[in-house]
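The values are calculated or read from the model by the stated rules, or taken from the named source; none is laboratory data. In this text the structure is predicted, and so the values were computed from the model without any measurement. Every residue, glycine among them, receives a Cβ derived from its backbone with ideal geometry; neighbour counts consider all protein chains shown. Heavy atoms of the whole protein, side chains included, go into the accessibility calculation; ligands, DNA and RNA do not. Shrake-Rupley method; radii C 1.70, N 1.55, O 1.52, S 1.80 Å.
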Amino acid sequence: MLKSIVALVRCDTYDSQQVCEAVETGVDLLGGISRFVKPGEKIVIKPNVLFGVNPQRCVSTHPSVFRAAGILLKKAGATLCCGDSPGFGRCEGNMKRGGLKAVADELGIELADFDKGKAVSHKEALLNKRFVLANGVLESDGLVSLPKLKTHGLTRLTGAVKNQFGCVPGILKSQFHVKMADPYEFATMLVDLTTLVKPRLYIMDGIMAMEGNGPRSGKPRKLGVLLFSSDPVALDAVACKIIDLDPAFVPTSEPGERAGLGTCRYDNIEIVGEAIESFIARDFDVVRKPPVVIRHRSMRAFLKNQICPRPTIDEAICTSCGICVEVCPVKPKAVDWHDGDESRPPAFKYDRCIRCYCCQELCPEGAVTIRETLLGKLLFR
Ligand code: SF4
Ligand code: SF4
């Protein structure tokens, strides 16, 4: 059986020139850019644009990595566009604040439509057989995915497989959280989406990763590595190895293998380029436990409140901006204002909360953290 190849290239800086050289080296290790695109093809570049802020906060793919991928794809003769459907707000504003729009303008990469889309069926899907995909994705010949290595409350790691979630436009993303509140079902949907969109190449920005309260409010952590592969499951598994996380705790790993998207077994992965040992960060702050799942339907509501980690608000940090209330996907809201008073921090109603952690993911102040319950701690040590 052919092994999946993951290339690792050291890069300790976001200096544009050095990142360009590192990206070219990484893609060459996989056989060169001509393996992935042909002259004249329309390629959409999909960085992670969760929330547009200063790139030093490490929330989005760094502009230097985006720039290097753009230059390489242009050299190969591709016509480029780019985009993402961020967690909050529209693509253009977020790309502007994240420093990505300036690079797109510099390289003449047009912004694709990630705000609207069309329904597409996916007969081979494991679970979700119909998606609405962004017009920008549908109108391209192929996609190059630029994930950022970050922690994530629901999926542990936001990496190569999860990066395609932004191919679903706007508010439609939150409906998946309601429809698939079980983290493994949600992860299977992400795998289905990736087998539908089929990115040709993944370049993961792990130069400065994010640990702790990711994917929006964690701490930047230098890892000094760029990762390259055409197998997103293997790429995520290698990223796991770097941050000393069992890939089995990342819920996209198993369905990713089942769907034939790739492999998370180290025996089936060949790492080329730099030796992985020089990047391993055993003290990387990530939850080293599988997501909690409650299979007993009749007991689900009760057990969820007793066992599943719950979001909490640090009122000293909260600015009462209301983003958590806005993004909470359940109706009625599980996090809402006290009696409509928008001057005080919102409060949770845990019996309504499906533990999607969208509030934690998108709080701009890092005021929402995920806390284990006492019983959860005892049961899942
Ligand atoms: S998103 Fe964060 S800062 Fe804004 S209201 Fe919610 S907890 Fe407070
Ligand atoms: S309160 Fe937070 S974790 Fe609970 S359903 Fe709403 S967004 Fe999801």
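The table below gives the values:
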| quantity | calculated |
| --- | --- |
| Residue among V287, V250 that alone is open to solvent by 10 Å² or more (accessible area, probe 1.4 Å), among the aliphatic types (A, V, I, L, M) and closer than 30 Å to F348 by Cα | V287 |
| Qualifying residue in the range 271-281 (condition: closer than 16 Å to F186 by Cβ and either of a type in the set (A, V, I, L, M) or within 14 Å of ligand 2 (Cβ to nearest atom) (or both)) | no |
| Hey, I323 surrounded by 15 or more Cβ atoms within 10 Å (Cβ to Cβ), outside the structural domain of L172 (by TED's automatic domain parsing) and out of contact with any strand residue (DSSP E or B) (no Cβ under 8 Å at 6 or more places or on another chain) or not | yes |
| Test: C11 is modelled with pLDDT of 95 or more and under 22 Å from the mean Cα position of the chain (by Cα) | yes |
| Test: residue in the range 334-352 that is within 10 Å of ligand 1 (Cβ to nearest atom) and under 30 Å from P247 (Cα atoms) | no |
| Any hit, the range 263-274, residues being basic (K, R) and either under 16 Å from R355 (Cα atoms) or buried (at least 17 other Cβ atoms within 10 Å of the Cβ) (or both) | no |
| Those residues of the range 209-239 which are part of a strand (DSSP E or B) and either modelled with pLDDT under 95 or among the aromatic types (F, W, Y) (or both), in sequence order | F228 |
| Failed condition for V53, given (1) over 20 Å from the mean Cα position of the chain (by Cα); (2) surrounded by fewer than 21 Cβ atoms within 10 Å (Cβ to Cβ); (3) assigned to a loop (DSSP other than H, G, I, E, B) | (1) |
| Test: residue in the range 347-356 that is charged (D, E, K, R) and open to solvent by less than 20 Å² (accessible area, probe 1.4 Å) | yes |
| Extreme residue, farthest from P290 (Cα to Cα), among residues of the range 357-376 that are over 20 Å from the mean Cα position of the chain (by Cα) and either within 14 Å of ligand 1 (Cβ to nearest atom) or open to solvent by 40 Å² or more (accessible area, probe 1.4 Å) (or both) | A367 |
| Single condition K331 does not satisfy, out of (1) in a loop (DSSP other than H, G, I, E, B); (2) closer than 30 Å to L8 by Cα; (3) free of Cβ contacts under 8 Å to residues at least 60 places away in the same chain | (2) |
| Matching residues, the range 221-259, being over 21 Å from Y184 (Cβ atoms) and touching a Lys or Arg at 6+ places or on another chain (Cβ under 7 Å) | G224, V225, S230, D244 |
| Residue match in the range 85-106 (condition: modelled with pLDDT of 95 or more, within 24 Å of F249 (Cβ to Cβ) and hydrophobic (A, V, I, L, M, F, W, C)) | no |
| Residue check for L143: closer than 17 Å to P232 by Cβ and assigned to a loop (DSSP other than H, G, I, E, B) | no |
| Residues (farther than 19 Å from V286 by Cα, free of Cβ contacts under 8 Å to residues at least 40 places away in the same chain and away from ligand 2 (no atom under 15 Å from the Cβ)) located in the range 341-377 | D341, E342, S343, R344, L374 |
| Residue in the range 174-192 that is farther than 29 Å from L303 by Cα and surrounded by fewer than 18 Cβ atoms within 10 Å (Cβ to Cβ) present | no |
| Of all residues making up the range 108-121, the number that are farther than 29 Å from S174 by Cα and either in contact (Cβ under 8 Å) with a residue 40 or more places away in the chain or crowded, with 17+ Cβ neighbours inside 10 Å (or both) | 0 |
| Any chance P86 is of a type outside the set (S, T, Y), more than 26 Å from D15 (Cβ to Cβ) and more than 17 Å from the chain's Cα centre (by Cα) | no |
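One line per residue, one yes/no per condition, for (1) in contact (Cβ under 8 Å) with a residue 60 or more places away in the chain; (2) aliphatic (A, V, I, L, M); (3) assigned to a loop (DSSP other than H, G, I, E, B):
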{"position": "L80", "(1), (2), (3)": "no, yes, no"}
{"position": "G89", "(1), (2), (3)": "no, no, yes"}
{"position": "K96", "(1), (2), (3)": "no, no, no"}
{"position": "E106", "(1), (2), (3)": "no, no, no"}
{"position": "F131", "(1), (2), (3)": "yes, no, no"}
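Residue by residue, here is whether (1) over 30 Å from Q360 (Cβ atoms); (2) assigned by TED's automatic domain parsing to the domain that holds P215; (3) free of Cβ contacts under 8 Å to residues at least 40 places away in the same chain; (4) surrounded by fewer than 16 Cβ atoms within 10 Å (Cβ to Cβ) holds:
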| position | (1), (2), (3), (4) |
| --- | --- |
| G26 | yes, yes, no, no |
| S34 | yes, yes, no, yes |
| C58 | no, yes, no, no |
| A69 | no, yes, no, no |
| L100 | no, yes, no, no |
